[in-house]
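Read the structure below first, then the notes.
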Amino acid sequence: MRTRTWAKVAAGIAVLAVAVWWRVTHDPNEQDLLNRFSSPSLAAPFGTDGFGRDMLSRIVDGAVITIGAASTALAVTAVIGTTLGLFAAWRGGRTGSALLVVTDSLVAVPEVVVALIAVSIFGTNLGALMIAVIVVGWLPFARLSFELASRVLGSDYAMAAQMTGTSSVRIVRFTLLPNVLRPLISLTFLRFPGRLLLLSGLSFLGLGPQPPTPEWGAMLADGVEELERHPFVPLVPGLAIVLTGFAAAHLGRRLEAPATGPTN
Amino acid sequence: MRSSRRQRILSTPLVLLVFSFLAFLLPEFQGVDQARATLYARSEEAAPTEEAIKAISDELGLDDTLLVRYGRYLGDAITGDFGISNVSRSPVWPQVWEATVVSATVVFLAIGLAVVLATILGVVAAANEHRWPDRLITGLSRILVAIPIHVLTPALVFLLALRFDLVPTSGWGTRSHIILPVVALALSPTALFSQIVRSEMLDTLQQPYIRTAMVKGLPWRRVVWVHAARVSLVGVLTLGSLFVAGMLGGAVIAEVILGVPGLGRLLHSALTSSDVPLFQGGLLVAVTAGIAIGLVADLISGVLSPPERDQ
């Protein structure tokens, strides 16, 4: 089992190294109008797009942009949501029920619609997309951290800690955090595919970084226009989005499993 | 842990107020000169004179305080007056209403299709646990549930419209135009629901009353489809009603790709053409619809699954 894990890691690093080497030696924005829509070959392993640009190096650049933006936005969301949830659990009472009411009412508002508001305020660029993802994403983190923390703080051992005069800092550090961290990290990974899809989906609609930025959603949108004659061109960024989502979801489930016991 | 139903219903107007204020503020955020925009919407492209701008500012009351203007905007919005589109130069409300009807048609057909398909597939999978029909259904749904709508829709266009020529690639108007958006929206919930029906069915099939039915000598088919499946249908209906609001989001992307003149495409085109009044109107309707559907779904799930009533 362990050797298999190491083999996977080694294979991953090897693929990554080849991709990075390819990106360094091939400019993602260099046009080659004589070789438009070329099929995969040794000269261009993922083929070329409508401007004859190398798809592999565009995918590599896009990975940095798309995955980078989605995970940054997700991290910010997780911190904001968790802070709100923990604060509400700590204060309890009115603050707690206020958080529940707010999250319950907002959960019914379609994410994409809220994201469109953010885009309409901040414009069509990558930063605006990230803000959109942050604005809509904090709800589940606030809910989960509130519920976990309320349970921990209401438990006998937390009471005992408080009654023996343990400082708040120590209670947070040694009682609260160890009990809420793992489910929250697992939630972060499980939320990643959704964030990736929201970000690339908005970018697909032309609301993200503008050409020639090789963001995956935008690349997919470009490719879809050639769907009929060159289905390979949209297939590459499409697969990149789907496979990345799969991988993150898989990781999230693996992280979740030990905490909740074996699932079937 | 959940807030009480009463709290949620009472907080709804508050949420709507917040979003209407946000919608009202959008032109301020974007730095749109509303006098010029309105003038442009009403008359020709000719450069407006200073007097005309002054007159229109007075008429719209742009010099009033923010709160006064918001009050006026809200009053108009409640009576269905969302102003005049900057692009089409016609009132916003009829456009938004037509688009909403189109979106509602697509979304409800898709949810209906998903519930029906998922029940059938989930029951078949559970009745054949670990045999090939189960493996096929479970495997396919694990893949489908992870494919985003902006990848799935072009793939469907490619397969159904371009390769096999079964349906038109895009557009709206005839009956065959409805198929592609409905299928695109329905596939992912179908995959998700069918997995839930499957696991619920597996639980149900272990229940004593199922054994009783079999001991009575009822045929297996009848036990599965009549006695057990009924329980799962309740679960999937509840889930389906909760899913409608989330589907409005996917509808935005599918509608843009497929050229369906629904609320999602309206929002998208209003946004890309900076048509502020149209965007505000579409936005408020979408948010209101989402929250209203959420409340109704909440009530439905309360009625359908009695144990949740007291939580």
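Which order do the peptides B:109-115, A:197-203 take when ranked by the mean count of other beta-carbon atoms within 10 Å per residue, highest first?
A:197-203, B:109-115
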Notebook entry, point to check: About the Cα centre of the range A:1-113, what is the dipole size in debye to 20, counting +1 per Lys and Arg Cβ and -1 per Asp and Glu Cβ, all else neutral?
Noted result: 560
Margin query: Using a 7 Å offset from the Cα along the Cα-to-Cβ direction at both B:Thr212 and B:Ile300, what is the distance between the two label points in nm, to one decimal?
Written below: 3.1
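If R0 is 56 Å, what FRET efficiency do you get for A:Val20 and B:Thr174 from their C-beta distance, rounded to 0.05?
Working: r = 50 Å, r/R0 = 0.90.
Once the sixth-power term is evaluated, E becomes 0.65.
Nothing charged except the Cβ atoms of Lys and Arg (+1) and of Asp and Glu (-1): what's the magnitude of the dipole of the range A:159-264 about its Cα centre? Round to the nearest 20 debye.
Roughly 820 debye, rounded to the nearest 20.
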Next item on the list: Please give the FRET efficiency for B:Ile196 paired with B:Thr79, using the beta carbon to beta carbon distance and R0 = 41 Å, rounded to the nearest 0.05.
Entry: 0.45
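Peptide A:195-207: average number of partner chain Cβ atoms within 10 Å per residue?
4
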Note to self: Would you report the distance distribution of C-alpha pairs in the range B:1-130 as whole percents per 5 angstrom bin, up to the bin with the largest distance?
What the structure shows: 2, 8, 11, 14, 13, 12, 10, 7, 6, 5, 4, 3, 2, 1, 1, 0
Notebook entry, point to check: If each residue's Cβ is checked for other Cβ atoms within 10 Å, how do B:Lys54, B:Lys216 rank with the fewest at the top?
Noted result: B:Lys216, B:Lys54
Next item on the list: Sort A:Trp216, B:Trp220, B:Trp172 so the one with the fewest other Cβ atoms within 10 Å of its own Cβ comes first.
Entry: B:Trp220, B:Trp172, A:Trp216
Check: Stretched out fully, how many nm does the piece from A:Asn35 to A:Arg253 gain, at 0.36 nm a residue minus the Cα gap?
Finding: 74.2 nm
Note to self: Highest mean first, how do A:40-53, A:119-132 rank when packing is the count of other Cβ atoms within 10 Å averaged over residues?
What the structure shows: A:119-132, A:40-53
Notebook entry, point to check: What do you get for Rg/Rh over the range A:10-118 if you use C-alpha atoms and the Kirkwood form of Rh?
Noted result: 1.26
Note to self: Charges on Cβ only, +1 for Lys and Arg, -1 for Asp and Glu, centred on the Cα centroid of the range A:104-254; of A:Ala115, A:Leu205, A:Gly165, which one is farthest towards the dipole's positive end?
What the structure shows: A:Gly165
Notebook entry, point to check: Using θ = phi - 60° and the Karplus curve 6.51 cos²θ - 1.76 cosθ + 1.60, what whole-Hz ³J(HN,Hα) does each residue of the range B:118-128 get, with Gly and Pro shown as x?
Noted result: 5, 4, 4, 5, x, 5, 4, 4, 5, 5, 10
Check: Once amide H atoms are placed 1.01 Å from N in the peptide plane, what residues at a sequence separation of 5 or more from A:Asp54, or on another chain, have their amide H within under 5 Å of its amide H?
Finding: A:Glu30
Checklist line | Dipole in debye (nearest 20) - the protein assembly as shown, about Cα centre, beta carbon charges: Lys, Arg +1; Asp, Glu -1 | finding: 2940
Note to self: Explain nothing, just compute: Karplus ³J(HN,Hα) = 6.51 cos²θ - 1.76 cosθ + 1.60, θ = phi - 60°, for every residue of the range B:87-95 in order, whole Hz, x for Gly and Pro.
What the structure shows: 9, 7, 6, 10, x, 6, 3, x, 5
Item checked: Longest to shortest principal axis, alpha-carbon extents of the range B:65-170, angstrom -> 69, 31, 21
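From other protein chains only, count the Cβ atoms within 10 Å of every residue's Cβ in A:95-104, then give the mean.
Taking the mean over all residues of the peptide, I get 4.
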Next item on the list: Choose one of B:Ser57, B:Tyr73, B:Gln195: the residue whose Cα lies farthest towards the positive end of the charge dipole of the range B:51-204 (beta-carbon charges +1 Lys, Arg; -1 Asp, Glu; about the Cα centre).
Entry: B:Gln195
Next item on the list: First measure r as the distance between the Cβ atoms of B:Thr65 and B:Thr105, then evaluate 1/(1 + (r/R0)^6) with R0 = 51 Å and state the FRET efficiency to the nearest 0.05.
Entry: 0.75
Notebook entry, point to check: For the residues B:Asp63, B:Asp203, what sequence is obtained by ranking on other C-beta atoms within 10 Å, fewest first?
Noted result: B:Asp63, B:Asp203
Next item on the list: Take the alpha carbon atoms of the range B:96-240, find their radius of gyration, then divide it by 2.2 N^0.38 Å using N residues; give the quotient.
Entry: 1.22
Item checked: Tail fraction, Cα-Cα pairs, the range A:151-264, threshold 22 Å, whole percent -> 56
Note to self: Based only on Cα atoms, what mean projected area does the convex hull of the protein assembly as shown have, in nm²?
What the structure shows: 33.8
Item checked: For residues of B:238-249, the mean tally of beta carbons on other chains within 10 Å -> 3
Checklist line | Value at 222 nm in deg cm²/dmol, rounded to 500, when DSSP H runs of n ≥ 4 in chain B each add -39,500 (n - 2.57) | finding: -24500 deg cm²/dmol
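Readers should treat all values here as calculations from the given coordinates under stated rules, not as data from a laboratory. Note that the structure is a prediction, hence the values are computed from the model and not measured. FYI the Cβ positions are ideal-geometry reconstructions off the backbone, even for glycines, and counts take in every protein chain you see.
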